1. With each run of n ≥ 4 DSSP H residues scored as -39500 (n - 2.57), what mean residue ellipticity at 222 nm is computed for chain B after dividing by its residue count and rounding to the nearest 500 deg cm²/dmol?
2. For the charge dipole of chain B, defined by +1 on Lys and Arg C-beta atoms and -1 on Asp and Glu C-beta atoms about the Cα centroid, which residue among B:I284, B:I30, B:L302 has the Cα displaced farthest towards the positive pole?
3. Can you figure out the FRET efficiency of B:K152 with A:K238, using R₀ = 25 Å and their beta-carbon distance, to the nearest 0.05?
4. Excluding A:D224 itself, calculate the net charge of residues whose Cβ lies under 12 Å from the Cβ of A:D224, where each Lys or Arg counts +1 and each Asp or Glu counts -1.
5. Fewest Cβ neighbours within 10 Å first, please rank B:T260, B:T184 accordingly.
6. With the cut-off at 1.5 for a/c, could you classify segment B:181-226 from its C-alpha gyration tensor as rounded, prolate or oblate?
7. How many nm is it between the label spots at B:Q385 and B:A11, if each spot is 7 Å from the Cα in line with the beta carbon?
8. Dividing the convex hull volume of the Cα atoms of segment B:366-481 by its residue count, what figure in Å³ per residue is obtained?
Amino acid sequence: MKRIEVLKTYKIYIGGKFPRTESGRFYEATNASGRSIANMCKSSRKDIRNAVVAARKAQGAWQERTAFNRGQILYRIAEILEGRKSQFIEELMLQDSTKKAAQIEVNDCIDRIVYYAGWCDKFNQVASSVNPVSSSHFNFSSYEPTGLVGIISPESSSLFGLVSMLLPVISGGNSCVLIASESKPLCAVTLAEVLNTSDVPPGVVNILTGQVSELWSPLSSHMDVNAISICSRSAYIKDIQIASADNLKRVRTYDDEWDVQGGQGIQYITDFQELKTTWHPIENIGGSSSSY
Amino acid sequence: MTTKNNNWDYAASVESTAHIKLNKKYALYIDGKWVEPSSKKYFTTHNPHNEERIAEIADANDHDVDLAVKAADRAYKEVWSKISASERGKYIFRIARLMQEHARELAVIESLDSGKPIRESRDIDIPLACNHFFYYAGWADKLEYAFPNQKKEALGVAGQIIPWNFPLLMAAWKIAPALATGNTVVLKPAETTSLTALKLAEIIHASGLPPGVVNIVTGYGHTGAAIVSHPKVAKIAFTGSTAVGKLIQRSIAGTTKKATLELGGKSANIIFDDAPIDQAVEGIINGIFFNQGHVCCAGSRLFVQENVAEKVIRKLKHRMQSLQIGNPLDKNTDIGAINSAEQLSIINKYIKIGIKEGSEFFQSKCVLPKKGYYCAPTLFINVAQSSVLTQEEIFGPVLSIQTFRTVDEVIQKANNSPYGLAAGVWTDKGSKIFNLTSKLKAGVVWANTYNKFDPSSPFGGYKESGYGREGGLHGLAAYLK
């Protein structure tokens, strides 16, 4: 007799837990030919608010982890993802990818995570400066995370676009609330399971599924969100920029198609960093000089 | 006339204005020429010390701004983007040198037009402005060292709108990095302080910079709005209020225009009980009374640890009593004139609110000049965290004082503000400094000092104090894509 397959319930990811949307609503994710592939949570603005609360609570401690420790945790994500490749490949194929393309996409994702894992304790060293001011002061500039970032994943990609936008944000010590691709949402939820088992502290990454048309507004107008990461084909860029002005969110816009070679780099990390410059006087008394 | 008070009297020592050259009337500097405003309208710029007229300034409208932007666009495409980076740098070096030669004239005009003490314009504003050009000149042919492994390009026409508190210095902060990175410029100074930007236009003209690379258009908010909305402007650099900064972000939404916004602040200046108290008091004075408090990063919220609060406040009041308030051109003057009647009425409105709220109120006992716009240095003591005085930017010589007991408490209170421009920390303990400097949400943190600026030092805010940095290597990024 044929075994009855156990189907997965796709839920959302808030504060390290997998609740259903508080609204109790769902929508059907379909493939290109219209066949239903899963029921997804249709998250509400209340879910956005809950996710923001969780992300804010987690952010300070994530920032204060050592950069080396963040690098280890990010590397752990890659390790766990490597072991669960087949599940992601299957989901990508359900969402109309060929097997070969799916294999490449998952491999690229793992490599991208490793890439950013390595940046955690290096970007600040590369991008900081000691500034030779013309007065008797020691002066240096270094980066700190912007804080809480709202990420709206590109609609065209289930996994690679999401990973390309997520990793630079969290490698720099930000927390985030991420809205998955509405039409290709499966991998986002499964990635949450990977994050949950990779020592990523609860609340650092929160992932919601649902209709971007109703979620962009509560996210970009939330006064406790510091920045928004979005792709240029989104229909809501202008509205998001307007809503973001209320608390001067930094809005970063990227191409929808993330390039394997060019779509990574230190600039994607510093896009969600604030530069802090610190001054301190240098005592300058007595006659000794630097010469010997 | 320097105000007399109980402690200190000085004979007046007023800087001469004999050597400055000012026209009665200034047109717009567009495409290397002085152009009449198409509306034929001019407005008057006044000396805030005695309310006398200094000059007539052209009021640029949309048509004038369009001419300026088109000139800048043409200059970008035909000239500025084609010359070599090292030649670009040499023009900027030339501008820096010419400014140095004109330094005293610029300082006097700055004090006449803005009301700031000559001591500050002579020793801080003008030298820093010159140095800013000199610093960025050298970057022009070294950009590939600033952003390794990233292909960076100029943006095109930069529209720049600057405030009245550091008129020439803000023009330098805007123009120098824009030119070094290969952009062309349309700059609008504030309507009450256009003169040094117009003198800078003369200097730039004398430097031989190709026509259209820098255009100076004067006017009010409507002139700035025309720059922001012009389709050929690729980048907006704005320094001013948070409210206008938000308007700008909204108005360029949906376009590809880049923006950097240097906005308001309500910066915390934190004094611990182990601080060198006398130096800290100087730092408090410099933090809030520098440039009459017309400083976006002014240390306008003072936090004093409870066990030294009485001593610090007593010494602060004593020190305030020796501040010389009066003629900005007097070399003894510490505190000059408030920039405009409008700003004075805003400050007085806040002082009234503070008195009504019932916080302890102190003003130094001094006789203010009868004419002109003056405000005595003001303290409000034991102000509530919820008070308007601790939440809103006043942009004047008004300090609100709160006390604290623990490090955690003061971090929370200091960060409890929508702003995040600057902060000050005073303590003798290095580890405490780094605890504070890493936890305060502010773009600039001064430890055991305050209100220091340098061309090589990036400046800019967190949160609602804006985004982007000006100064230093990081200031280049704002003008590149």
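All of the numbers you see were taken from the coordinates with simple rules; none came from a lab. Fair warning: this is a prediction, and the values are worked out from it, not measured in the lab. We place every Cβ from the backbone using ideal geometry, glycine too, and count neighbours over all the protein chains shown.
1. Numbers: 15 runs with 173 residues, N = 481.
Helix-only estimate at 222 nm: -11000 deg cm²/dmol.
2. Most positive-ward Cα: B:I30.
3. Values: r = 26 Å, r/R0 = 1.05.
With R0 = 25 Å, the Cβ-Cβ based efficiency is 0.40.
4. Numbers: positive: A:R49, A:R56, A:K57, A:K249, B:K463; negative: A:D246.
Value of the local net charge: +4.
5. Values: B:T260 23, B:T184 29.
Starting with the residue having the fewest Cβ neighbours, the order is B:T260, B:T184.
6. Details: a/c = 2.90, a/b = 1.45, b/c = 2.00.
Oblate, since a/c reaches 1.5 and b/c is not below a/b.
7. 5.4 nm
8. Details: hull volume 19.3 nm³, N = 116.
About 166 Å³ per residue, rounded to a whole number.
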